[in-house]
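Here is the structure we will look at, set down as structure tokens.
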Amino acid sequence: MFPLANGVEILRVGGRRFAWNAHTGRHLPWPSDDVVSPALLHRMADEGMARGTELDPASLVPCRQWLAMWIGDVLWHADPRSTTPGGRAWRALPLAGWEAAAWAHANDARTTGDIARAIGRPIDELLSFFSRLTAFPVQALQLRRGHPRRGDEGLRRQLAEPVATASRDPSMYDGGGATALADWHHAIPQAHRHFDDVETTVAHALERPHPGLGGRPYGEALGRLFARRGWLSGRVVEVGAGSGAVAEGVCRAAPRLDYTRVDLSPALLAAQDARLPGTLGLLGSATTLPLPDASVDFLFANEVIADLASSPTATGWDNTGAQDFLAEIRRVLRPGGHYWLSEFGTIDDEAEEATALGHPEVSIQFADLAAHAASLGLAARLEPLADALGLDLAAPQLWRGSYEGLRAYLRATGGDIEARAWHPGNLELPFPVDGLHWVTLADRGPGPLVTRFYVLSSG
Ligand SMILES: C[S@@+](CC[C@H](N)C(=O)[O-])C[C@H]1O[C@@H](n2cnc3c(N)ncnc32)[C@H](O)[C@@H]1O
């Protein structure tokens, strides 16, 4: 057996093995055949994990895990042993006064020795406290040989069980294995919090004014874009209007529009009706639109087409529902009419089923869909959604892990938080929090990854 340093053990996590250093909270992948290569031996020595290579703890730099934050009077951290599709379990670790001071001093730059001197505690006492934070079930801290480098991902992830794939109801597929979500949409029980708790869309995450959109909400930014392209006149139809937030923004960009919404969900349609009194709501499907031939000037659907059927193929999926929708668009558009479809997907890569949601959505293979549009005689232009909107991807938003931690804390104390791309200018909390992380809109926030979204439109 390879001689491991004191405090190092081999752990099995998520079906794989890791060398785990309880003193530092650091880990390395461990080979299944137990054979330590020269490269691994080098890394083991670097991390003080091989016997005889132990590091001097006083010189190590305590670095805070991003999935740990100070709220109220507790250290609030994700539990790496409990990861579910709905998120991680979070736990409170109460700290004594001097322990809280030690945590506050840990700034990814000071060494353990610096902190012991600053708070006037013996180094052994401090190390014993830090070992509670580096322990596998907590992982709130890592002791490193230096400060983290820019872009270092190691503090964002705990050594944890992988998030399980959400279970799927067989009724969400037809006999041939194609996704079939009509019944699921009909049965959406209520609109309130649907886009916070069940599926968060880009439009929902950006429903509040955001610096990335020049201080506008998503719906209004989209409306202004449609207006610039000259599409907001005559009869405008939105398919799958969700909460009605996009419709509200588009109608603000062009008041007195002749605006029709078509949706499959009675609950969402009712919420839209209440929010958008001057518009018409129709219960119906994208693939059999309740609209006469050649009656629409502009039709759009924001984050809807991945909900339509996709059929399994030998290598992946065919977005058959989106193709049927295009045929309907072709039928209802007036000559010279325009359309816009935005959704998550890829240009050329195989479509794939999203595993995190409780219902099967399949990404869109946009090059295929554009070719299909062209074969129907529709103009077909592809562009990234962020480019079309002029979205500033460098603008800040709350990091997904920080959002999950806040949400768990608020829920544990009788509150809640909406799934928005919060930024430092609009996140107001009733208590101070130390340890929130801000990332850019190109990174993971409370909503979907916007860089994965594309638009197929008439150009
Ligand atoms: C993921 S939500 C998007 C909502 C909104 N457009 C947004 O971006 O936040 C999908 C919307 O499309 C509706 N929908 C799903 N399948 C549909 C279909 N086949 N026909 C019409 N509406 C559909 C849903 O009820 C819901 O309103």
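3J(HN,Hα) along region 203-219: 4, 5, 4, 9, 5, 8, x, 10, x, x, 10, x, x, 10, x, 3, x Hz, from the Karplus curve 6.51 cos²θ - 1.76 cosθ + 1.60 with θ = phi - 60°, whole Hz, x for Gly and Pro. I'd like the accessible area for His423, computed on protein heavy atoms only with a 1.4 Å probe and all protein chains in place. Round to 10 Å², please. Accessible area of His423: about 20 Å². Here the 3J(HN,Hα) profile of region 301-311, calculated from phi with Karplus coefficients 6.51, -1.76 and 1.60 at θ = phi - 60°, is 9, 9, 6, 10, 5, 6, 7, 7, 4, 10, 10 Hz, Gly and Pro shown as x. Peptides 408-417, 306-315, ordered by how many other C-beta atoms sit within 10 Å of their residues on average, highest first, read 306-315, 408-417.
The Cβ shell under 13 Å around Pro137 holds other residues with a net charge of +2, Lys and Arg each +1, Asp and Glu each -1. Residues in region 8-144 average 44 Å² of solvent-accessible surface per residue, probe 1.4 Å, ligands and nucleic acids excluded.
Each residue of region 123-136 was assigned a 3J(HN,Hα) from its phi angle through the Karplus curve 6.51 cos²θ - 1.76 cosθ + 1.60 (θ = phi - 60°); the sequence is 4, 5, 5, 5, 5, 5, 5, 4, 5, 5, 7, 8, 4, 3 Hz, with glycine and proline shown as x. Between the helical axis of 266-275 and the longest alpha-carbon principal axis of the chain there is an angle of about 80 degrees.
Could you work out the helix-only [θ] at 222 nm for the chain, with each DSSP H run of four or more residues adding -39,500 (n - 2.57) and the total divided by the number of residues, to the nearest 500 deg cm²/dmol?
After summing the helix terms and dividing by residue count, I get -7500 deg cm²/dmol.
Within region 1-101, report the GluC sites (Glu not before Pro) that DSSP leaves as loop and that have at most 16 other Cβ atoms within 10 Å. Passing both the DSSP loop test and the Cβ count: Glu54. Each of Gly154, Thr179, Leu222 was scored by the projection of its Cα onto the charge dipole of region 151-234, and the greatest displacement toward the positive side belongs to Leu222; charges sit on the C-beta of Lys, Arg, Asp and Glu. Counted by Cβ distance under 14 Å from Pro3, the other residues give a net charge of -2, where Lys and Arg count +1 and Asp and Glu count -1.
As a length-normalised measure over Cα pairs under 8 Å and 6 or more apart, the relative contact order of the chain settles at 15 percent.
Remark: region 8-144 carries a charge dipole of roughly 340 debye about the Cα centre, counting +1 on each Lys and Arg Cβ and -1 on each Asp and Glu Cβ.
Roughly to the nearest percent, how much of the accessible area of region 8-144 is carbon and sulfur, given a 1.4 Å probe?
Numbers: 3140 of 5980 Å².
Summing carbon and sulfur atoms, their accessible area is 52 percent of the total for region 8-144.
Near Gly15, within a Cβ-to-Cβ distance under 15 Å, what is the net charge of the other residues, with Lys and Arg +1 and Asp and Glu -1? Cβ neighbours under 15 Å give a net charge of +3.
Between Phe431 and Met172, the modelled label-to-label distance comes to 3.4 nm, taking each label 7 Å out from Cα in the direction of the beta carbon. The mean accessible area for residues of region 248-375, using a 1.4 Å probe and ignoring ligands and nucleic acids, is 39 Å² per residue.
The values are calculated or read from the model by the stated rules, or taken from the named source; none is laboratory data. Bear in mind that the values here come from a model prediction, so they are computed numbers and not experimental data. Here Cβ is always computed from backbone atoms with ideal geometry, including for glycine, and neighbour counts include all displayed protein chains. Ligands, DNA and RNA are excluded from the accessible area calculation, which covers all protein heavy atoms including side chains. Shrake-Rupley method; radii C 1.70, N 1.55, O 1.52, S 1.80 Å.
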